Amino acid sequence: MDRVVLLLLLLLCVAPLVRGYPSGLVMDSCVDLLPHHSGQSPQTKPAPFTVTMDRSSYKLGDPVKVTLLASTSSFTGFLLEAREVGGLSPVGSFFVIPANARLLTCSLKTNSAVAHNSGSTKTSIQVTWTLASGNAKNIQFHASFVQNFYTFWVDVTSPTLTFANGVAGGSTTLPTTTTTIQQFAPPSLVQQKSISSANCSVSKVCFSQPSNCDPANADCYFMSALMVSGEAIRYEMKGPSNGYIAFGFSDDQNMGNDDIYICGIGSNGMVQVQHAFSTGRTYPNILPLGNVSDITASVQNGVISCSFTSTNIISLERTTGFSNAYYILFVHGPSSNGQIQIHTETFISTKMINISSPEVVLDAGVPSIFKAHGALMLISWMTLGSLGMMVARYLKKTAKGEKLIGKDVWFVVHVGVMILTVAATIIAFILIFSYEQQWSGGVHPVLGCLVMILSFLQPIMALLRCAPQHPRRFLFNWSHALNALVIKVLAVAAIFTGLQYLDSTADQWLVKVMGGMVGWEALFFILLDVQSRCMANRTDTLDLTAMTNEGLLVALFFLGNFAFLVALLVGIGSS
């Protein structure tokens, strides 16, 4: 027993010593760069690590690649900042980082430091830093390296990065005249050039929605990339929007890790060009525009157009350079006071493309998981749910006295069908949230969540119901029926809003077919209710003719319902 107590005391004593920061959330180290390991001191011998840059001088807006390199052994943790020579506060921002690193906010400056995001071993880290504006001075990069809990080096510095008076791109020769280097670039004063699909797949890569549409049409979303030289790309984009349009290059078909160009209406009402980098499903990091020139932009009758030439290299987390293949993403959405909001629609290329190999790229369409989600919700609440509600409300007298597993047949059918309905709803809910992995905003997800919550409560209420002879049984009957009606209304509204997203046709025919399906169902609920009331006024409540009429009405309803369902499922599948 004494040994057990002694062991516990020993563990309590050493517990504080094993505190570490494998996640890289080391904001308390921003000033002194110390790992803050309890009772430990940094190494005084020369560090087996170096901090180097890809250039010795920089100008405002220049991207500077910084490399942390292990010469003889690896490291598990690190912290990197850029500081003015002799200064203690970080300056500038980092924007291209590898998968095993994370951006930090130090001294209230967003993305002003980089650290590890796990305790994995590392031999090199390469990031990109820039200083967009301000009173620039000579810079040194300061880093700390952690090998293990006991062994770490603090404030390993790079050679001095000298500031050369000017802005980025001053030494680059571009085809035309206007070069504006800032986060927003206004349109040039040259006449807007016409954006067309001429020479698509001949000399330039083209991507559009609808596929192969003519950018002269007001409803066409279009972008193209023409390699002017080995270092310059002429980009064009056009499409209807009340805020912005944007395209990006990605190494997968999901949002995140994308090199983006945004063409949007600024706070001054003029169309402006932005360069950005996306690190996830959040607001992208706005970058200095870099080496961009010959910017022409306009908005006419709600259609935004932008053209510009860029020598900025395409730079992603895993892939860099013009010679590599990328997926193309095209989005559009609203903006507020010049700041872009969450996009309302996304088009993604079916395959990866190489800008140096001209071709026409097709839109991949709606992700399959979106289609599965929509199909499950449609089947759940427009067919299965309708069947369950009709059986419980109108067909109790059918096969009266017939038992199945000890219960009335109508009750077994009702419970079985509604269990399938709730199960399909849960699956649809999990599918879409596992794909999105965040709240996307808008009316549709709100409606969907309400449907999910109320659907989950409905069987719980049924399990807790009192006996049929209980004096308060009517409370369950009314609450159960009312909750079912509310779920049905919310589900129909959610399906309508979802179909508006899935249906990219001009006449929104899927929405119209859904309207017909709802009207068909409402008609038969009215007919069945009239039939039921007529039957209630009869003395022969078991009249076979009345029961046959109800059965025929339900059968006719489901013939039409099945036709509408097939049409909608085919439409969703081909969206």
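Only the coordinates and a few stated rules stand behind these numbers; no lab work does. In this text the structure is predicted, and so the values were computed from the model without any measurement. In this analysis, Cβ positions are derived from the backbone assuming ideal geometry, glycine residues included, and neighbour counts consider all displayed protein chains.
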The range 204-361 - percent relative contact order, Cα under 8 Å, separation 6 or more = 26 percent
query = With each label point set 7 Å from Cα along the Cα-Cβ vector, what nm distance links residue 69 and residue 148?
reply = 2.7 nm
Low-density loop positions, trypsin sites (Lys or Arg not before Pro), the range 191-275 - DSSP coil, at most 14 other Cβ in 10 Å = 193
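Could you calculate the FRET efficiency of residue 405 with residue 435 from 1/(1 + (r/R0)^6), where r is the beta carbon distance between them and R0 is 41 Å, rounded to 0.05? Write down the numbers at each step before the final one.
Working: r = 38 Å, r/R0 = 0.93.
Using R0 = 41 Å, I get an efficiency of 0.60.
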key: Along each principal axis, Cα extent of the range 337-396, largest first, Å   = 69, 35, 13
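Tell me, in nm to one decimal, what length is gained between residue 512 and residue 198 on full extension, where the rule is 0.36 nm per residue of separation less the Cα-Cα distance? Show your work: numbers first, answer last.
Details: separation 314, 0.36 × 314 = 113.04 nm, distance 3.58 nm.
Full-extension gain reported as 109.5 nm.
Set the bar at 32 Å for Cα to Cα. Now go through 109/351; 65/351; 371/488; 122/371; 65/371; 407/512 and name every pair that lies beyond it. Could the numbers behind the result be given before it?
Details: 109/351 38 Å; 65/351 30 Å; 371/488 20 Å; 122/371 41 Å; 65/371 42 Å; 407/512 41 Å.
Listed pairs above 32 Å: 109/351; 122/371; 65/371; 407/512.
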message = Whole percent per 10 Å bin, from 0 to the bin with the longest distance: what is P(r) over all C-alpha pairs of the range 204-361?
response = 11, 45, 38, 6
task = Run the quick spin-label model on residue 165 and residue 527: label points 7 Å from Cα toward the beta carbon, then report their separation in nm to one decimal.
result = 8.7 nm
note = Rounded to whole angstroms and listed largest first, the alpha-carbon spread of the range 106-147 along its three principal axes comes to 37, 21, 15
Label-point separation in nm, residue 354 to residue 466, each point 7 Å along Cα→Cβ = 7.6 nm
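So, counting K/R as plus one and D/E as minus one, what does the shell of residues with Cβ under 13 Å around residue 293 add up to?
On the way: positive: 234; negative: 231, 294.
So the environment of residue 293 carries a net charge of -1.
If you average 1/r over every pair of different alpha-carbon atoms in the range 368-573 and take one over that average, what Kirkwood value in Å do you get?
18.4 Å
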remark   = Residue separation between residue 474 and residue 228 times 0.36 nm, minus their alpha-carbon distance, gives in nm 80.9 nm
note = Applied in sequence order to the range 458-468, the curve 6.51 cos²θ - 1.76 cosθ + 1.60 (Karplus, θ = phi - 60°) yields integer Hz couplings, x standing for Gly and Pro, of 4, x, 5, 4, 5, 5, 9, 5, 7, 5, x
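Taking the mean number of other Cβ atoms within 10 Å as a proxy for protection, how do you rank 459-469, 40-50 from highest to lowest?
On the way: 459-469: 9.7, 40-50: 13.8.
Put in order of decreasing packing, that is 40-50, 459-469.
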